[in-house]
Amino acid sequence: MNKLTLALFITLTSGSGTILAASHEHDMHHNMSSHAMQPATQQGSGIVKAINTSTSKVQIAHEPIPALEWPAMTMWFELSVPFPNEIKAGDSVRFELAQTPTKKWMIIRIERKH
């Protein structure tokens with residue numbers, strides 16, 4: 001390999017490493033940004049199936065929550081607020097969820113649908 005070819009080879013390979021590193025850094029920043037932009041809370045609605053005031057949990061048969069990619073299902077949720085006395089099993093409700101530091105979704109607001 002002559003000196004000109006060798007110099008061209010070194011220039012091309014060292015430059016592509018820089019381009020690759022810059023591209024990877026951009027991808028990582030883009031991925032972190034998209035996570036940071038995810039809404040802090042999500043809205044849901046459904047029917048109260050059961051209430052456990054001693055554990056601050058409520059069971060709700062909720063409609064799909066597309067933003068979380070959750071289909072309609074029945075599940076137990078913890079509450080970060082006192083459960084309203086006027087809501088009973090069988091009532092239709094709207095609720096707001098927030099994710100805890102442990103990635104668990106918790107109800108931070110709940111009200112009866114009118």
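Please determine, by comparing only the residues of the stretch 60-95 that are among the small types (G, A, S) and under 13 Å from I110 (Cβ atoms), which one is nearest to the chain's Cα centre (by Cα). Of everything passing the filter in the stretch 60-95, S80 is nearest to the chain's Cα centre (by Cα). Pairing residues of the stretch 47-65 that are within 14 Å of P84 (Cα to Cα) with residues that are of a type in the set (V, I, T) and not in a strand (DSSP E or B), at Cβ distances under 9 Å and at least 6 apart in sequence or on separate chains, gives V48/I87; I51/I87; S56/V81; V58/I87.
Any read-out appearing in this document is the output of simple, stated calculations on the displayed coordinates, not a laboratory observation. Predicted, not measured: the structure shown is a model, and the values here were computed from it. Reconstructed Cβ throughout: ideal geometry from the backbone, glycine too, with neighbour counts over all protein chains shown.
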